[in-house]
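Read through the structure below, which is laid out as C-alpha cells, and then see the notes.
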Amino acid sequence: MIHRCLDGARRSREARLLTGQARPAIVRTMSQQDLLARIAAAQPTLSRKASAVARYLAEHYVEAGYLTTREIARASGVGLTTVVRFPAMLGYADMEALKAAIQDRVGVDLTAVERMQAMSAKGGPKSVLARMIDSDVTALRSLGRTIDEAQLERCARLLAEASSITVLGLRWLRPIAEYAAYALAKVRPGVGAILHGDSTLGDRLEELGRNDLLVAVAVARYPRDTVEAAQRARARGMRIIALTDGPLSPLAPLADEALFVRQEPFDFIGSLGAMGALVNVLVTLTAQRLGPSATQRLDMLERASAAGGTYAGDARQVRK
C-alpha cells in the first residue's frame, strides 16, 4: 500500500515538473551532501551494474529511502553485493548513511498532500502513534549524537552577548519561535519574535544592526520569507543562528551556527518535540553563561507573576 502511495506521489511530482509547477529554486537548493548531486558527479566512473543502481535511486529515491538493501537490489536488477558496495562509490559510510541522505531529499521534495497520502498508508491509530513516538525518540537521539558541545557553547555565547535577539519562525514553526523568544526573555532583555511573513518583516529587519542576532527557524520545505529574511540579515552583517534540519537547508550556508534537527519526511504537519528540546538546551546554556544577571531577571519576573496572580496554582505571596 505504501509503495502505491509513494509511486503516486512521485508521478504527481513529475507532473508538476512537466507543467512548470515545480517549487521555486530557493527550496531546491542542493549541497555537496545531496544524493542526486553525488550521483551526477560519480556517474562517469560507475560500472554498468553500479549505474543501474544509480539510475534506480535517482528515479525512485522517494521509495528507495524506505526499502531494504535486498529490495533495492531486486528493483535495480543487480546483485546484493553491488548495492552493498554502492554507497562507498558516492562517499557514504554505508547504506544507512545513504538512506539518511535520501530521506533528507524526500523532506525537501514532498508536498503536504503527498506526506498525508504516505502516512495514511501506514495503518491504524496505534501504528501511527507508535511510529510518531519512535520518530520523536529517533530525532532526540540523533540530536544527542550529532550536535557538538563546542557548537552549543558558541551558540550560547552569541545568545548571551548580542545587543538584541530576534527569533524568526513562520507557518507551522511559529510556536517554536514564540517559545524560544518567551524562554530567552526570561533570562535576558532585548528579545523579540517575528511570527508572520507580512510586509512588516522587512521593516523589523531594518531596525536591526551588526550587533543584533537573528535566530532563524525553518525545516523542509523552507518558507521563502524565512530564507529571504536570513539572506537580508546576512547582507546587513548580522549574526545568525539557524535551527534547521540538515545541510540541504538553504539556511545552513547563511548562518554563523547551524544546528540540525532531523525531521520525519512523512509527517505532513511535523513534530516540534526535538526542536523544542534544542531550544530548551540553548536557553539553559544561555542562562548559565549570563549567571547572576539571569537569576536576577528570573527573580524579578517571578515577583511580578506572584504580585499579579498570574498562575492559578501559585499560592505564594510576594516575598518581603
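Step by step: first the residues of the range 236-272, then only those that are among the β-branched types (Val, Ile, Thr) and either at pLDDT below 90 or under 19 Å from ARG141 (Cα atoms) (or both), then the one that is farthest from the chain's Cα centre (by Cα). Which residue is that?
ILE269
Hand me the list of helices (runs of 4 or more DSSP H) wholly inside the range 1-89 holding 2 or more residues that are modelled with pLDDT under 50 and touching a helix residue (DSSP H, G or I) at 6+ places or on another chain (Cβ under 6 Å).
2-18
Scan the range 225-235 and tell me whether some residue there is assigned to a loop (DSSP other than H, G, I, E, B) and farther than 20 Å from ARG141 by Cα.
No: the range 225-235 contains no residue that is assigned to a loop (DSSP other than H, G, I, E, B) and farther than 20 Å from ARG141 by Cα.
Can you pull out every residue in the range 162-173 that is modelled with pLDDT of 95 or more and under 11 Å from LEU272 (Cβ atoms)?
Within the range 162-173, GLY169 is the sole residue that qualifies.
List every residue pair whose Cβ atoms lie under 7 Å apart, where the two residues are 6 or more positions apart in sequence or sit on different chains, the first residue falls within the range 41-53 and is touching a residue at least 40 places away in the same chain (Cβ under 8 Å), and the second residue, located anywhere, is part of a helix (DSSP H, G or I) and surrounded by 12 or more Cβ atoms within 10 Å (Cβ to Cβ).
Hits for this filter: ALA42/MET89; LEU46/ALA54; LEU46/MET89.
Being among the β-branched types (Val, Ile, Thr) and in contact with a strand residue (DSSP E or B) (Cβ under 9 Å, 6 or more places away or on another chain) is the filter; apply it to the range 173-200 and report the residue that is farthest from VAL227 (Cα to Cα).
VAL191
Kindly provide the set of residues from the range 189-212 that are without any contact (Cβ under 8 Å) to a residue 60 or more places away in the chain and closer than 23 Å to MET300 by Cβ, ordered by number.
GLY190, VAL191, GLY192, ALA193
For the range 193-217, which residues satisfy the criterion of being out of contact with any Lys or Arg (no Cβ under 9 Å at 6 or more places or on another chain) and part of a loop (DSSP other than H, G, I, E, B)?
If the condition is that a residue be out of contact with any Lys or Arg (no Cβ under 9 Å at 6 or more places or on another chain) and part of a loop (DSSP other than H, G, I, E, B), then ASP198, SER199, GLU207 are the ones that fit.
Return only the number of the condition from (1) basic (Lys, Arg); (2) over 30 Å from ASP299 (Cα atoms); (3) not in a loop (DSSP other than H, G, I, E, B) that LYS186 does not satisfy.
Condition (2) is where LYS186 drops out.
Identify, from the list THR295, THR286, the residue that is among the hydroxyl-bearing types (Ser, Thr, Tyr), assigned to a helix (DSSP H, G or I), at pLDDT 95 or above and buried (at least 20 other Cβ atoms within 10 Å of the Cβ).
Criteria check complete, one pass: THR286.
Within the set of pairs 6 or more residues apart or between chains, which connect a residue that is more than 17 Å from VAL283 (Cα to Cα) inside the range 164-177 to a residue that is among the charged types (D, E, K, R) with Cβ atoms less than 8 Å apart?
What qualifies is LEU170/ASP225.
The values are calculated or read from the model by the stated rules, or taken from the named source; none is laboratory data. None of the values given here were measured: they were computed from a predicted structure. Backbone-built Cβ (ideal geometry, glycine too); neighbour counts: all protein chains shown.
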